[in-house]
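See structure below.
The values are calculated or read from the model by the stated rules, or taken from the named source; none is laboratory data. Keep in mind that this is a model prediction, so the values were computed, not measured. All Cβ positions, even for glycine, are placed from backbone atoms using ideal geometry, and neighbour counts span all protein chains on display. For the accessible areas, the whole protein counts, side chains as well, though only heavy atoms, and no ligand, DNA or RNA atoms are used. Shrake-Rupley method; radii C 1.70, N 1.55, O 1.52, S 1.80 Å.
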Amino acid sequence: MVRFFVEDPSIADYYSAAYKIPTLVTLLCTVFSQAWSYSSVAESDEKERSSFFSGVFSFYAGLLFVMGAFIMAFCKILTAVMMDPSYYTAWEYIPVLVGATVFSALVTFVGSVYTVRMKSTFSMWTAMLGAGLDVLLNFLLIPKELFGIALPGLGAMGAAIATLISYATVFVVRALTAGKYVRFKIEVPLLLTNVALLAGQIVFTTLSGGMAPLLQIGVQAAFLAVTVVLNGRVLVAKIKGFLNRKKD
């Protein structure tokens, strides 16, 4: 879609290159999805299954937001290390794409509820909702003009924003409906705080290009520290619980 609407083909190349960094989050999602999918199916008791999903979601979501904050804080360094110098400007798209990937991973988790309850049809409809919204937003955000109508003309950044909004929308829809099939607890205040921090860091990182390096480092360190502290209690508790079960 970016290559279709943007005149400069190199922009599409930068956008594709920027996707390499958020795949670190996708890798985490893949490893976890394989582990919890089997375990969730193995749980036959409803109360145990509910407790299992609640515990895994709190740990998984916390880890995702911490990873997202870390990648955004070091996205310029990661770009310089992992990409050819000519692609360095691709870092500008990474913050928004990291946000999109975090929500994509959350969508995958909540989708496992449909797998457990064999509600694949609803999973398909929500996926189609996200895909349709993504296409619509691409048409509205990427080009400068369409059918004679002036549009924002955000280019590749518009594509990234469209992806983020689409995944976030699908997550909200799935989170609101999945409880009908498996009652698992989502700590809404914690989740909303994490989302607010993620959004704030996305905006800051994207717009801080001309800011003094020391100020950038300080603000990024603050975002990362707050995110780690916010989720640290849950992460440490779950890790300790896992290690204690291993000893037993």
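Where residues in segment 15-34 are at pLDDT below 70 and open to solvent by 30 Å² or more (accessible area, probe 1.4 Å), which of them is farthest from the chain's Cα centre (by Cα)? Walk me through how you get there before you give the answer.
Of segment 15-34, the ones at pLDDT below 70 are 29, 32-34.
Within this subset, residues satisfying the condition of being open to solvent by 30 Å² or more (accessible area, probe 1.4 Å) are 32, 34.
Working: F32: 14, Q34: 18 Å.
So the residue we want is Q34.
Going by the conditions given, is V81 among the aliphatic types (A, V, I, L, M), open to solvent by 40 Å² or more (accessible area, probe 1.4 Å) and more than 13 Å from the chain's Cα centre (by Cα)?
yes
Residue check: is S51 of a type in the set (S, T, N, Q) and either at pLDDT 90 or above or closer than 18 Å to A156 by Cβ (or both)?
On the way: of a type in the set (S, T, N, Q): yes; either at pLDDT 90 or above or closer than 18 Å to A156 by Cβ (or both): no.
Taking the combined requirement at face value, the residue does not satisfy it.
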Inset, instruction - Return only the number of the condition from (1) β-branched (V, I, T); (2) open to solvent by 40 Å² or more (accessible area, probe 1.4 Å); (3) modelled with pLDDT under 90 that V56 does not satisfy. - result: (2)
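Going by the structure shown, is A175 within 15 Å of the chain's Cα centre (by Cα) and under 18 Å from F53 (Cα atoms)?
Working: within 15 Å of the chain's Cα centre (by Cα): yes; under 18 Å from F53 (Cα atoms): yes.
Yes: the conditions hold for A175.
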Legend entry - First in segment 8-20 and farther than 14 Å from S86 by Cβ, second anywhere and among the basic types (K, R), Cβ under 6 Å, 6 or more apart: A12/R3
